[in-house]
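Student: A single structure is presented below for examination.
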Amino acid sequence: MDGTTTVFHTATLHKPHVGTRSLQAFLDTNITGTLNLLESAVASGVRSFVFTSTTSTFGRALTPPAGAPAAWVTEDLAPVPRNIYGVTKKTAEDLCELFHRDHELPCIVLRTSRFFPEEDDSDAIRRAYEDGNVKANEYLYRRVDLEDVAHAHLLACERAATIGFGRYILSATTPFLRGDLAELRADAPRVVRRHIPEYEAEYARRGWKMFPSIDRVYVNELAREALGWQPRYDFRFVLDRLSTGADPRSPLARVVGSKGYGTRDA
């Protein structure tokens, strides 16, 4: 890392690897790999370290019990990791905080929501909804466009020295309010209709459906305030593009396309 000023740490074993990689492989890659980078960054005088994390760190905290309102997910929600992926990403986040505290390394953790182009990992969802329908729905509460993610990383790099350490959720700006949470769990289409009534005509034209229930809402307010982030791609944007027959993805997302998760270590 000699001469390096910024580290963008994106390398990881992902959730889809949980069934194919050992627990030790997750520890080696996601924790020890992060530690190696942090130690090298300190030794080389790196001025900003940006770690790509995931909303999967919240784990079981994202699914309230039956009958409870949807979860309002901010950085204050205590993570309850669901699997080894969440455990190792949360531990890597904590290592970043430790190295900021002990070595004054400016570290920004970005907890990204879904931006992958692959189909949903739920068989039930794939059977019940078209892929485009699923992704459009998710922009309401748990998806973000790749171009907006990239912009957030650049802003994190620029502001790391001033911020010192911070964790931020990256997700499309939701139209929902805290007062919607109980109704979202019971009747999501009615809430969407109240905020964005024009969605119904476009969905009807395409034969699409809104999810009957939404169990969580990711809130990006802190990232917008602290980083000056202005995500462009949200549900309204997607709906406008669909109504004109245009691709709702950003130019960057279209260029990158689908890369998959890999079947073996690089």
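Student: Determine the distance separating the Cα centre of the stretch 124-148 from the Cα centre of the stretch 103-118; give it in Å without decimals.
Tutor: 20 Å
Student: For the stretch 6-242, what is the number of Lys pairs with C-alpha distance below 22 angstrom, counting only pairs 8 or more positions apart or on separate chains? Working shown, then result.
Tutor: On the way: LYS15/LYS89; LYS15/LYS90; LYS15/LYS135; LYS135/LYS209.
Number of lysine pairs found: 4.
Student: Taking a point 7 angstrom from the Cα of ARG232 along the C-beta vector, which residues in the stretch 104-148 have backbone N less than 13 Å away?
Tutor: Of the residues in the stretch 104-148, 145-148 have backbone N under 13 Å from the label point off ARG232.
Student: Set Lys and Arg Cβ to +1 and Asp and Glu Cβ to -1, take the dipole of the stretch 6-242 about its Cα centre, and tell me which of CYS157, LEU184, THR54 lies farthest positive.
Tutor: Farthest along the dipole direction, towards plus: LEU184.
Student: Once the piece of chain linking ALA124 and ASP76 is laid out straight, how much longer is it, given 0.36 nm per residue of separation minus the C-alpha distance between them? Numbers along the way, then the final one.
Tutor: Working: separation 48, 0.36 × 48 = 17.28 nm, distance 3.11 nm.
Once the chain is fully extended between ALA124 and ASP76, it gains 14.2 nm.
Student: Oh, and also: If the rule is a partner Cβ under 4.7 Å, which cysteines in the chain fail it?
Tutor: Here CYS157 come out as lacking a disulfide-compatible partner, given the Cβ-Cβ threshold of under 4.7 Å.
Student: Under 5 Å between amide H atoms, partner at least 5 residues away or on a different chain: which partners does GLY59 have, H built in plane at 1.01 Å?
Tutor: For GLY59, the qualifying residues are VAL80, ARG82.
Student: Expressed in nm to one decimal, what extension gain is obtained for the pair THR63 and THR10 from 0.36 nm per residue of sequence separation less their Cα-Cα distance?
Tutor: 16.4 nm
Student: Give me the number: length gained by fully extending ASN36 to ASP247, i.e. 0.36 nm times residue separation minus the C-alpha to C-alpha distance, one decimal in nm.
Tutor: Values: separation 211, 0.36 × 211 = 75.96 nm, distance 4.04 nm.
Stretched fully, the ASN36-ASP247 segment lengthens by 71.9 nm.
Student: Let me ask another. Report the label-to-label distance for ASP28 and THR162 in nanometres (one decimal), using points 7 Å from each Cα along the Cα→Cβ vector.
Tutor: 4.2 nm
Student: If you average the C-alpha positions of the stretch 191-259 and of the stretch 1-58 separately, how far apart do those two centres end up, in angstrom?
Tutor: The two parts, judged by their Cα centres, are 29 Å apart.
Student: OK, next. Below 12 angstrom from the Cβ of TRP72, what's the summed charge of the other residues (Lys, Arg +1; Asp, Glu -1)? Walk me through the intermediate numbers first.
Tutor: Numbers: positive: ARG178, ARG185, ARG216; negative: GLU75, ASP76, ASP180, ASP215, GLU221.
In short, -2.
A short reminder: the numbers here are calculations on the coordinates, not readings from a lab. The shown structure was predicted, so the numbers you read here are calculated from the model rather than taken from an experiment. Neighbour counts run over all protein chains shown; Cβ positions are idealised from the backbone, glycine included.
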